[in-house]
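Chemist: Have a look at this one.
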Amino acid sequence: MPAPLTQATGRRKRAVARVRFRHGTGQVTVNGREAQDYFPSQSHRMAFMEPLRITNTAEVYDIDVNMHGGGANGQAGALRLGIARGLVALDPELREILKQAGFLSRDDRKKESKKYGLKKARKAPQYSKR
């Protein structure tokens, strides 16, 4: 297997995607599985392929992804950010296109942590007067 051209990291919620780009035919492999098998939902596949589609590089690179944490939606978002960052590392001229589309900004919304004395992050036990 040839050495990767570049590596990038994308994160969303609790998901982390480490993305490696190689010259190839556009094959995306996630944790050793085909992307269609790993993300059965069409909307998730569309979400992470969007940076490749708008830059017309879908058939240029093979992408190997090491993914962990989070759910399917968070993982798709993390993969989208990782792919966008990798494309910018390979060709800095693509930065403006990806930035205008909003693919280079990290979505930092996470689940709020649970507080002691409460049932969830903000939900308190029911108050009883008597």
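Chemist: L118 - would you say it is aliphatic (A, V, I, L, M), within 29 Å of S41 (Cβ to Cβ) and surrounded by 11 or more Cβ atoms within 10 Å (Cβ to Cβ)? Walk me through it before giving the result.
Modeler: Numbers: aliphatic (A, V, I, L, M): yes; within 29 Å of S41 (Cβ to Cβ): no; surrounded by 11 or more Cβ atoms within 10 Å (Cβ to Cβ): yes.
Taking the combined requirement at face value, the residue does not satisfy it.
Chemist: Has the range 83-100 got at least one residue that is without any contact (Cβ under 8 Å) to a residue 12 or more places away in the chain, of a type outside the set (A, V, I, L, M) and in contact with a strand residue (DSSP E or B) (Cβ under 8 Å, 6 or more places away or on another chain)?
Modeler: There is no residue in the range 83-100 that is without any contact (Cβ under 8 Å) to a residue 12 or more places away in the chain, of a type outside the set (A, V, I, L, M) and in contact with a strand residue (DSSP E or B) (Cβ under 8 Å, 6 or more places away or on another chain).
Chemist: Just need a number here: residues in the range 2-23 that are free of Cβ contacts under 8 Å to residues at least 40 places away in the same chain and within 20 Å of V88 (Cβ to Cβ). Let's see the steps before the verdict.
Modeler: Looking only at the range 2-23, we keep the residues that are free of Cβ contacts under 8 Å to residues at least 40 places away in the same chain, and these are 2-3, 23.
Filter again for within 20 Å of V88 (Cβ to Cβ), leaving 3, 23.
Selection size over the range 2-23: 2.
Chemist: For the range 37-53, which residues satisfy the criterion of being surrounded by 17 or more Cβ atoms within 10 Å (Cβ to Cβ) and hydroxyl-bearing (S, T, Y)?
Modeler: Across the range 37-53, the qualifying residue is only Y38.
Chemist: Count, please, the residues in the range 96-130 that happen to be touching an Asp or Glu at 6+ places or on another chain (Cβ under 9 Å), more than 19 Å from R14 (Cα to Cα) and of a type outside the set (K, R). Write out each step before concluding.
Modeler: Here is the first cut: in the range 96-130, the ones touching an Asp or Glu at 6+ places or on another chain (Cβ under 9 Å) are 101, 103, 120-122.
Keeping just the survivors that are more than 19 Å from R14 (Cα to Cα) gives 101, 122.
Still in the running and of a type outside the set (K, R): 101.
Result for the range 96-130: 1.
Chemist: For the range 56-77, enumerate the residues that are aliphatic (A, V, I, L, M), surrounded by 21 or more Cβ atoms within 10 Å (Cβ to Cβ) and over 23 Å from A3 (Cα atoms).
Modeler: A76
Chemist: Can I ask one more? Scan the strands (runs of 3 or more DSSP E) fully inside the range 1-101 and keep the ones with 2 or more residues being within 30 Å of S113 (Cβ to Cβ) and either modelled with pLDDT of 90 or more or out of contact with any Pro (no Cβ under 6 Å at 6 or more places or on another chain) (or both). If you could, list the steps in order and put the result at the bottom.
Modeler: Values: elements: 6-12, 15-23, 28-30, 61-68.
Counting at least 2 such residues, we get 6-12, 15-23, 61-68.
Chemist: Could you tell me whether T29 is among the β-branched types (V, I, T) and closer than 14 Å to L79 by Cα? Please lay out each step first, then the result.
Modeler: On the way: among the β-branched types (V, I, T): yes; closer than 14 Å to L79 by Cα: yes.
In short, yes.
Chemist: Determine whether the range 92-110 contains at least one residue that is among the hydroxyl-bearing types (S, T, Y) and surrounded by 10 or more Cβ atoms within 10 Å (Cβ to Cβ).
Modeler: First, the residues of the range 92-110 that are among the hydroxyl-bearing types (S, T, Y): 105.
Within this subset, residues satisfying the condition of being surrounded by 10 or more Cβ atoms within 10 Å (Cβ to Cβ) are 105.
So far as the range 92-110 goes, yes, one or more of its residues are among the hydroxyl-bearing types (S, T, Y) and surrounded by 10 or more Cβ atoms within 10 Å (Cβ to Cβ).
Chemist: Of all residues in the range 101-123, which are of a type in the set (A, V, I, L, M, F, W, C) and either in contact (Cβ under 8 Å) with a residue 24 or more places away in the chain or on the phi > 0 side of the Ramachandran plot (or both)? I'd like the intermediate steps shown before the answer.
Modeler: First pass over the range 101-123, keeping only residues of a type in the set (A, V, I, L, M, F, W, C): 101, 103-104, 118, 121.
A101, F103 - these are the residues of the range 101-123 that are of a type in the set (A, V, I, L, M, F, W, C) and either in contact (Cβ under 8 Å) with a residue 24 or more places away in the chain or on the phi > 0 side of the Ramachandran plot (or both).
Chemist: Pairs please, first residue from the range 24-51 and among the hydroxyl-bearing types (S, T, Y), second anywhere and in a loop (DSSP other than H, G, I, E, B) and surrounded by fewer than 19 Cβ atoms within 10 Å (Cβ to Cβ), Cβ atoms under 8 Å, 6+ apart in sequence or on different chains.
Modeler: Every condition considered, the pairs that remain are T25/E59; Y38/N31.
The values are calculated or read from the model by the stated rules, or taken from the named source; none is laboratory data. The shown structure was predicted, so the numbers you read here are calculated from the model rather than taken from an experiment. A quick note on method: Cβ atoms are made from the backbone with ideal geometry, for glycine too, and the neighbour counts reach across all protein chains shown.
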